[in-house]
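The values are calculated or read from the model by the stated rules, or taken from the named source; none is laboratory data. Predicted model, so just to flag it, every value in this text is computed and none were measured. Positions of Cβ are backbone-derived with ideal geometry, glycine not excepted, and every protein chain shown enters the neighbour counts. Just the protein is used for accessible areas: all its heavy atoms, side chains included, with ligands, DNA and RNA removed. Shrake-Rupley method; radii C 1.70, N 1.55, O 1.52, S 1.80 Å.
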Amino acid sequence: MTDILLENGCPVRDSKGNYVRLGDPDARFQRAFIAMTVRRGTFIYNRSLGVRYNDVDARDLEQSVALLLNEALAPYEHTCAEVFDLGDAIGVDVTVDDETREGEVRTYG
């Protein structure tokens with residue numbers, strides 16, 4: 001899998017004006033973080049992409065958020081997320097195949 005690097009929702013270009021391309025592992029992690037950030041139903045080309053943040057259960061917030069994030073990642077093989085912080089941003093460890101990377105997911109709106 002290859003993809004174009006996105007920063008703040010915009011494609012990144014190198015010094016020659018070409019798009020910066022991502023190889024397989026980086027593209028799969030970028031795809032996972034996009035799926036966990038987008039609110040379900042807001043991406044017009046794929047209404048099933050994203051997270052149903054309005055379904056968060058306040059009684060068990062961390063487990064509820066973890067379940068919803070992993071539901072968003074369900075279409076992607078060997079990809080899962082583990083929540084370790086619920087602050088201004090959601091701190092997550094994302095695992096794709098056998099590699100784990102730490103990151104944050106921000107919810108907007």
Please compute the modelled spin-label separation between Arg106 and Asp93, points set 7 Å along Cα→Cβ, answer in nm with one decimal. 2.5
With springs only between Cα atoms under 10 Å apart, run a GNM on the chain and tell me which of Val12, Val96, Val65 wobbles the most. Val12
Tell me which of Leu67, Cys10, Asn54 sits at the most positive position along the dipole axis of the chain, charges placed on C-beta atoms (Lys, Arg +1; Asp, Glu -1). Cys10
Net charge near Val12, counting Lys/Arg +1 and Asp/Glu -1 over other residues with Cβ under 14 Å of its Cβ? -1
In degrees from 0 to 90, rounded to the nearest 10, what is the angle of the helix 61-73 Cα long axis to the longest principal axis of the chain? 40
Explain nothing, just compute: Karplus ³J(HN,Hα) = 6.51 cos²θ - 1.76 cosθ + 1.60, θ = phi - 60°, for every residue of region 80-86 in order, whole Hz, x for Gly and Pro. 8, 10, 10, 7, 10, 7, 10
Note to self, the chain gives a 222 nm [θ] from helices alone (DSSP H runs n ≥ 4, -39500 (n - 2.57) apiece, / all residues, nearest 500) of -8000 deg cm²/dmol
Average Cα contact separation per residue, the chain, under 8 Å, 6 or more apart, as relative contact order %: 17
Amide H within-cut-off set for Ile4, under 5 Å, with H built and near neighbours excluded: Leu22
Whole number in Å², please: accessible area per residue of region 14-109, 1.4 Å probe, ligands, DNA and RNA not counted. 63
Toy charge model, Lys and Arg Cβ at +1, Asp and Glu Cβ at -1: the chain dipole around Cα centroid in debye, rounded to 20, equals 720
For volume of the Cα convex hull per residue in Å³, the listed values are [x] 88; [y] 257; [z] 118; which was obtained by calculation from the structure presented? [z]
Alpha carbon centroid spacing (whole Å) that separates region 84-103 from region 1-62: 14
Need one number: convex hull volume per residue for region 1-44, Cα atoms only, in Å³. 84
Can you work out the Karplus-derived ³J(HN,Hα) for every residue in region 19-29? Use 6.51 cos²θ - 1.76 cosθ + 1.60 with θ = phi - 60°, whole Hz, and x for glycine or proline. 5, 7, 9, 10, x, 3, x, 5, 5, 5, 5
